[in-house]
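Derivation of every value follows stated rules applied to the coordinates shown; laboratory data play no part. What you see is a predicted model, and the numbers here were worked out from it, not measured in a lab. Every residue, glycine among them, receives a Cβ derived from its backbone with ideal geometry; neighbour counts consider all protein chains shown.
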Amino acid sequence: MAEEVRKQLPSLKDSLSYFTDESASTKVRGNIKLQLALEGIEQHAQNKGLSPDNILSLTLVITRGQFGDSTNSRLVKCLIPATTVPEEAAVRAISWICTNKPSKSVQAFLLRWLVLVYDLIDGKDKLHALYGVLFFFIQSDVLCPHVCHLLYLLTRKQDVRLFRVRPLLDLQTRVGAQPHLTGLLSLYKLYRPDLVNVPLNKTPRVFFKQTDKAWAALIRQVQLRNCPREERDQWLKTTQIPITNIFNDLDPTKEPLPKKAKLDCIPAIGYPGSLDQSSAAQSDKVPVQLIGSFEELLQNLDNLELPSQAAAVLRSQYLQHFVSCHPQQHVAHRIGYWLYRTLRQDLVDCPSASTKPRVEKLLKALINFTDFLQEGVPLCEMFLWEYLFTWNGLDHRPQILQLITRSRLHPFQRLNDYVLEPLRRLFFTSKVHCKCQILACLTELLRNCVSVEWARYKETQSNEEGTSSLSLFPVDSEMFPALQSIQELVLYVDRLCVVGLQQEDGHAMLMHYTLGFFELVTQLQRRFDLPLVHAPSAPIVYMAMFDTNALTVARICAIMCGFRQEVTSLKQKPPQEESCGFTSSSIRNFNNCILDICDALWRCKAFSSGKNEASIFKVPRALVKQTGIDSIGDSFSLYNHIALQGFAHTFLQKSLPSGTPITPRPRSRQSTLDRSSYLDFLTSQGLEGIQGFISSFIKVGKSSTPCSSAPSTASSTTTTGSRT
Amino acid sequence: MAAEEESKMSEVLPREILKPFNKMPVRNAATVLLVGSYGTGKKQLAKSMVDVCTDTGLKLQVRTTTSLPLPEENTDTRPRIDYIAFIIDLTNRLSFSTVQSAVQCVDVEYFLGKACFVVTNVKGTSDHCVEMEEVSRLADMYNTMYICGGIKEGDPDERTTLANRLLQLVEVSAGRKKVSPLLVDLTCRQLSFQEEQTEFYTV
């Protein structure tokens, strides 16, 4: 019986006519017609959604109060819009709640529905007019969370009045600091800080529990289905968000609503009220659609009006300029809040294959925005941490890695737990290309930290209030040793590189990115004025030194030179309270590396230092003898090094008279002139690091006969303020 | 609560504990053991791993089981298990409790880089019976990493990626790379956030 009933569900028109018919029976039990009609509506709503007229008539049915609570709740759940929701329906719903006739649960349902479809209501004037009425509902315990959420979405600056702030504060003292009340109060405080004196936590938190995820997902799916296919395909093909410069395309007096906005989750730039010339003359604020060029933006910079959806900033370059010149906290807060909610919904709660292109577009727009501001959005950082916790390493990888590079300075433990540990897991479980991507991301993260975030951190520490001139999204940051944090980051990446290079057997691309990272590290003192010096650890130096790639050898020599220059310039500065990495043991390690490289390259004495144990890879001398390779000391000299042999061959071919066999003269018969011309040749081939190394670390005697040249090392006199 | 559970479980005999080093390794070959309850997709994952592995020159053998300890009949013919992957499906409570009891039958040497937890069905939090925090707490307790991926749901690309990721770890564990699994494990810094839960109020 039940199966037969389900097969013959009535059409939408019939179901609706059953309800709109005044004399229909309202009994629930045993009323087959009612059940059929309900199921018909439900099925249709979940597949295609209801048109605005249908929504209006169904709302009228609900608010007539004719049917019981269970029927009403099911009907509210069916109010899934196909395109938009007429404002009249929202007004009727609110007015019915005022009568207090429906039960509390149905009232709560209606409010939740309003919150979910808020973006789709086609006009909001009447809702703004009903603000006071809605405000009254905070007194009810059941409705309070949902009403607060709706008010959060509706509030404009002129709605924040003292007679509204007081009841909120009273309510908060009565029931305690509930998150929804705190959320509404913090929004009021942003608009009118003079009215709200209560100290509120400035950490970015999101205040409203997401209770209806499945319902919201259903609404989104229906919306997605309802766009005509051509529009959807055409939208998917566009890769860039167009700058909506309506002035050039359309008549600015008409209300602009680009069709793509329906699919695109970034809200269109819309304003409350129409764009008639008459009403525009009343206020002196200029909406951004009328700005045609950069000069007009500069002229109108003072009285540009922000759109009602703050996140529309992501669409327009002009708005981004405006927002960065006039940092206003409530705008920043709303942008962050919207981004967090949308990203979380699309990536964590209900991701699906159909939302992937849309999410990618949003992420790209977000990356453009953060690159423009040179600052990350704190709420997005929070979202990123939650996402990395369960990330599978594949979805949206380039965008996620780029977003990570904009992280703020945090104490190292926090950065490790939330960001570095997931990256490490991905690093060791992926192939070389992904490892290189992660290393590039970490290099950019370090670059961002030292160039932008370090200055920002110092400014927020010196500036007592939260406002800062360097960032749009000021965050109350606690005191922590930032320099140590950066140093630990460098050490961490160092370690990662060592094990990664071993795992990939010294792969050339991975080595290239590793050397790129250390080239950045050896510029910290001179270029970014950061008192931090760090030489690459011994395994990396030796792996690069004995690599088969000539460019690697040259680059590691250049990095060693760079480190010496760093240390020299740090010593020349007056001693500072904190300088990291400048300890006697680290200098000693560095000196050992220098000595070994000099021995190998210049003095032809690789693996045969005076101590018992050669420090290259800690190979004991006895073992070196046991290998039975004769003249092992010579094997890594400038001419014989496996990476440089090709160059040596070319050079000797040119320089030696023809007919002689092409071998370098033995060490005892080489003159300095020979060597210096060889080094010049290497520099002309692009390997200038080697000549730089030789010239800064080895004092060559003036006579032409070879003499023992003394390698000079970095001295380790400790300054007064360094750590030991 | 934890103490009661322990007393209910039967004692694990020492000979039943899976040990990594009581058999000789085989050159250019590796064996992986996938532990997970029914329906978690072990066979599909095994097939992906073998497909990926055919051109790397490594002879991979994948064994699957739904519970530990392993039956005694095959102990002599079974090769050395190089790597163990415990599969947890977040929509299946039974898979989590299977893994919880299985980790007790494994020698502690495996948790020095020769084992990991694979978590599937991570996306879309509405169907989850097992919280991600419980899984991460288990992983932290055994100091072992976890990998999130998809075996049954989603596109086959995800399964191939997951297979590739597991294979990187298996190769390290089988001795084909120049690092030992413990060295890889050592790059991890101590995590500190297990106890304190930051409060996120979500919309």
Protection proxy (average C-beta count within 10 Å per residue), highest first, orders B:179-190, A:161-172, A:410-421 as A:410-421, B:179-190, A:161-172
Percent relative contact order for the range A:507-618, counting Cα pairs under 8 Å at least six residues apart, stands at 27
Residues of the range A:531-568 with backbone N under 20 Å of the label point set 7 Å from the Cα of residue A:432 along Cα→Cβ are A:540-556
A chain fully extended from residue A:451 to residue A:565 at 0.36 nm per residue, minus the present Cα-Cα distance, gains in nm 39.1 nm
Given unit charges at Cβ for Lys, Arg (+) and Asp, Glu (-), the dipole magnitude of the range A:340-397 about its Cα centre in debye, nearest 20, is 220
Taking the dipole of the range A:7-139 about the Cα centre (Lys, Arg +1; Asp, Glu -1; charges at Cβ), the one of A:103, A:80, A:123 that reaches farthest to the positive side is A:103
Cα-based Rg then Dmax for chain B, in Å, read 17.1, 56
For peptide B:181-191, the mean count of other chain Cβ atoms within 10 Å per residue Cβ is 5
If the chain between residue B:26 and residue B:191 were fully extended at 0.36 nm per residue, the gain over the current Cα-Cα distance would be 55.8 nm
A student asked for the Cα radius of gyration and Dmax of the range B:111-187 in angstrom ought to give 13.9, 43
Other residues with Cβ under 14 Å from the Cβ of residue A:657 give, with Lys and Arg +1 and Asp and Glu -1, a net charge of +1
The range B:92-125 and the range A:616-637 have their Cα centres apart by a whole-number Å value of 47
Charge dipole of the range B:63-124 built from unit charges on the beta carbon (Lys, Arg +1; Asp, Glu -1), centred at mean Cα; most positive-end Cα among B:83, B:118, B:103 is B:118
Using the Kirkwood formula on alpha carbons, the hydrodynamic radius of the range A:451-581 in angstrom works out to 16.5
The Cα radius of gyration of the range A:310-375, divided by 2.2 N^0.38 Å with N its residue count, comes to 1.17
Shielding of B:125-137 by other chains, given as the mean Cβ count within 10 Å, works out to 1
Two pseudo-spin positions, 7 Å from Cα along C-beta at residue A:153 and at residue B:131, lie apart in nanometres by 2.9
Expected integer from the mean partner chain Cβ neighbour count at 10 Å over A:350-363 is 1
Within the range A:486-520, the residues whose backbone N lies under 14 Å from a label point placed 7 Å from the Cα of residue A:548 along the Cα-to-Cβ direction are A:505-509
Highest mean packing first, using Cβ neighbours within 10 angstrom, the peptides B:137-144, A:185-192 sort as A:185-192, B:137-144
Relative to the compact-globule estimate 2.2 N^0.38 Å (N residues), the Cα gyration radius of the range A:84-140 stands at a ratio of 1.06
Computed for the range B:1-130: size of charge dipole around the Cα centre, +1 on C-beta of each Lys and Arg, -1 on C-beta of each Asp and Glu, debye to nearest 20, value 500
By the mean-Cβ-within-10 Å protection proxy, highest first, B:17-28, A:559-570 rank as A:559-570, B:17-28
Distance in nm between residue B:183 and residue A:47 label points, each 7 Å along Cα→Cβ, equals 6.3
Taking r as the C-beta separation of residue A:529 and residue A:14 and R0 as 56 Å, the FRET efficiency to the nearest 0.05 is 0.15
FRET efficiency for residue A:296 and residue A:576 from the Cβ-Cβ distance with R0 = 35 Å, rounded to 0.05, comes out at 0.15
Computed from the beta carbon distance with a Förster radius of 45 Å, FRET efficiency for residue B:160 and residue A:632 to the nearest 0.05 stands at 0.45
Checked against the positive end of the charge dipole of the range A:492-572 (+1 on Cβ of Lys and Arg, -1 on Cβ of Asp and Glu, about the Cα centre), the farthest of A:559, A:512, A:493 is A:559
